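Student: Structure below; questions to follow.
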Amino acid sequence: MEKKLSEMKYGAQGIVKSIKGDLRNKVAGMGIRVNKRIRMATKQPIKGPVVVTVDESNISLGLGIAENIIVEVEK
Amino acid sequence: MRILLMGHPNVGKSVVFNRITGANVTESNYPGTTVDYEKGYVRIGHEEMEVIDVPGTFSLEPKDKAEEVAVKMLERNKDSVVVCIIDSTKIERGLYLALEIIERGSRVVVALNMWDIAEDKNINIDVEKLRQILGVPVVPTIAVSGEGIKELVSRISGATSVKIESVMKNVGGS
Amino acid sequence: MKLSVDERWDIIDKISKETVKFGEYRHTLKDALAEITVKPLTGIPIAIAVLYGFWSFFGAFAGFFTDGFLVKLFDGHWLPWLQDVFPGGLGNWFYSIMVDAGHMESGVLVAADNCFESFGVLTSGLFVAIGVVLPAIIAFYLFLIILEDSGYLPRLAVLIDTVFHKIGLHGFAVVPMILSLGCNVPAVTATRNLETKKQRFMMMTLLAIFIPCGAQLGIMLDVIPEYVGFVMLYLFLGFFVFGFILNELIPGKSPEMILDVPPYHMPTGRNVGRKLWARLRGFFTVAIPFVLLGVVFVNVLYLVGVIDWLANVFEPVLVGWFGVPKETTAPLVAAFMRKDLAVGQLMGIQEQLGMVAFNTYQLVTSVVLVSLYFPCIATVAMIIKEGMQDRGKGVITFLLGSLAVLMAVVFIWGGLLHLIWIILGVA
Ligand SMILES: Nc1nc2c(ncn2[C@@H]2O[C@H](COP(=O)(O)OP(=O)(O)OP(=O)(O)O)[C@@H](O)[C@H]2O)c(=O)[nH]1
Ligand SMILES: [Mg+2]
């Protein structure tokens, strides 16, 4: 099922399907890209940022940024 | 001749810089410690070379002021050698920046730093093969203990500028 | 040739396939620690514990050396000895600059009996710098360096992001903020990690106004130990209140956080030692000369009558608006040079005037004023330099903007404290 990264549950995994606009270039250098496996490591409360794991890296993204990344979530 | 130390934030550029120039710039375990460039000198053979510790950047499309400094540094020094420092445990995204720098036509040497942590994590990198594919010197280093730094310095004069097409051919052709 | 993002990743995938093998990896204690320190349920209590530990360590370490040892040395031995052997004596101008200006008590000039009151270069100057501030900053930097080298700061940034987000900044602003608690000067440069001009302007301005430096923290801890917690809270609250207002007023973008969170490393003794030494060297070569010069500067202004003149000019504002005695003028002047010196001087003035003329609440207000009203000269220089880097010709607008915010804050936030005392019935 496709979901916004910001809506993924804690612990969920999936494959990145698309990244909107120039965010694509911005996060490319950090290893976040289309067809990459991504895991939700933590979500902070009150619209706080998420922390995702890609390969060996942990990256924190503001929720508004995470909204622009679409992930095919695994069951 | 100038040497630029470039790479992602927090990969150990400043540790390498301190090692090869004897300087004392701040090393910390968070991205964005170095926000302005620092100069130092190293003697290679008979030549005294200027070494620059460049702020870390994730790509050549800067997203903040510190990254801007890094990209400008590269643009202003097209003829210098770039020592591209990669965190071996995050080699894929490290190569992203390395390829970007190669595409711009700079002469490049790649340092695979944090080799100790990669070993702990059971990540095996075929250095020789990587060297063949990229066509530039590749040296594993552990900056904190100094391992590989001498070798890295000795390879600086062997830095070459390669065409990205040739990298594409090398990787496709096997 | 330049590749597109996807083309580049295609090549990398191929390279990686041919050269990298990811073996089996067992999770370690470090990974477990990495998780619990960033998950909100466990991370937030841990963050509070870490920051509280920071504060306690700072107080205990500094208190142990300052109160337990250095105060006795300076007040019990150094001051009386200098008063004894230094040529000149009370009333002599050189003696009053270097050792003790004395003060009037029922019409007679009497000597000081502690190093806050004497306000000489060799007495108060050295006492503030070495007796009070040095132990404080050793403690502060020791803890800070361990935070820096372990990799904890980015996690703190993640946990605190929501709060900063409300004022148009993001979690990574915690790094310049914490660096600023050591010294505002490197913190100003560290704002380069923020994305937009708006964010950098806000952060530089707010830092310079609201965040006291380690030297000032150290001396506040010594002078108003019961109230320093309140002062810090009041300053932090001001940071966020005015941050909120600035965020509404200033045009520009406030992008959200994109932050790489590195794995933990064990700090090495070698690096901790080196960094501590580098920062202490900075303290000895830059800060101490500034403290000593500051004493000379203020004493000369006293001697030629400028301080008294200024005090009379500002009396209506100081007494009427802020509710502090006009004698606080001298420390406010000293604060241009060094804030630690200014706070030390306030203490000396309270001892001279007595509790009735200058009570503890007034002392707290004046300490807050010293923090707020103008950044020290080194910070100003750095802000000008960074402003030029960031804005080019626009630096003038940048600086005038900062100054306007500063004036507004001093009057509103300083005056509000007076109002609080009035409401509480203590002023
Ligand atoms: N284990 C290990 N740690 C390393 C190695 N190289 C660097 N480090 C650590 O990695 C952290 C980052 O090093 P820095 O030199 O400050 O990183 P930088 O690349 O200059 O980072 P920025 O200035 O933020 O761009 C420090 O805590 C170093 O001690 C290495 O080879 N092995
Ligand atoms: Mg660095």
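Values quoted throughout were computed directly from the atomic coordinates according to the rules given, and no laboratory measurement underlies them. Small disclaimer: the values here were computed from a predicted structure and weren't measured. Note: ideal-geometry Cβ built from the backbone for every residue, glycine included; neighbour counts use all protein chains shown.
Student: When only residues in segment B:76-128 that are touching a Gly at 6+ places or on another chain (Cβ under 9 Å) and assigned to a loop (DSSP other than H, G, I, E, B) count, which is farthest from C:ARG26 (Cα to Cα)?
Tutor: Out of the qualifying residues, it is B:LYS78.
Student: Considering only segment A:58-71, I want to know if a residue exists there that is under 23 Å from B:LYS121 (Cα atoms) and in a loop (DSSP other than H, G, I, E, B).
Tutor: no
Student: Taking segment B:26-46 on its own, how many of its residues are within 13 Å of ligand 1 (Cβ to nearest atom) and either hydroxyl-bearing (Ser, Thr, Tyr) or within 9 Å of chain C (Cβ to nearest Cβ) (or both)?
Tutor: 12
Student: OK, next. Go through (1) within 14 Å of chain A (Cβ to nearest Cβ); (2) farther than 23 Å from A:ARG24 by Cα; (3) free of Cβ contacts under 8 Å to residues at least 24 places away in the same chain one by one and return the number of the condition B:SER88 breaks.
Tutor: The failed condition is (3).
Student: Name the residue that is nearest to C:ALA187 (Cα to Cα), counting only residues in segment B:53-72 that are surrounded by fewer than 21 Cβ atoms within 10 Å (Cβ to Cβ) and aliphatic (A, V, I, L, M).
Tutor: Checking each candidate, the answer is B:VAL69.
Residues checked against (1) free of Cβ contacts under 8 Å to residues at least 40 places away in the same chain; (2) assigned to a helix (DSSP H, G or I):
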| site | (1), (2) |
| --- | --- |
| C:GLU18 | yes, yes |
| C:HIS27 | yes, no |
| C:ALA47 | no, yes |
| C:TYR52 | yes, yes |
| C:ASP75 | no, yes |
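Matching residues to (1) within 14 Å of chain A (Cβ to nearest Cβ); (2) surrounded by fewer than 24 Cβ atoms within 10 Å (Cβ to Cβ); (3) of a type outside the set (Asp, Glu); (4) not in a loop (DSSP other than H, G, I, E, B):
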| site | (1), (2), (3), (4) |
| --- | --- |
| C:PHE172 | yes, no, yes, yes |
| C:LEU206 | no, no, yes, yes |
| C:GLY252 | no, yes, yes, no |
| C:GLU256 | yes, yes, no, no |
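Student: Let me ask you something else. (1) more than 10 Å from every other protein chain (Cβ to nearest Cβ); (2) crowded, with 18+ Cβ neighbours inside 10 Å: which one isn't true of B:VAL138, the others all being true?
Tutor: (1)
This table checks each residue for (1) in contact (Cβ under 8 Å) with a residue 40 or more places away in the chain; (2) touching a His at 6+ places or on another chain (Cβ under 6 Å); (3) outside any helix (DSSP H, G or I); (4) under 23 Å from C:ILE137 (Cβ atoms).
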| residue | (1), (2), (3), (4) |
| --- | --- |
| C:ILE349 | no, no, no, no |
| C:PRO375 | yes, no, yes, yes |
| C:THR379 | yes, no, no, yes |
| C:SER402 | yes, no, no, no |
| C:TRP413 | yes, no, no, no |
| C:LEU416 | no, no, no, no |
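Student: If you check B:VAL81 against the conditions, is it within 16 Å of ligand 2 (Cβ to nearest atom) and among the aliphatic types (A, V, I, L, M)?
Tutor: no
Student: Further, regarding this structure: Determine whether C:ARG200 is in a helix (DSSP H, G or I), farther than 18 Å from C:GLU248 by Cα and within 10 Å of chain B (Cβ to nearest Cβ).
Tutor: no
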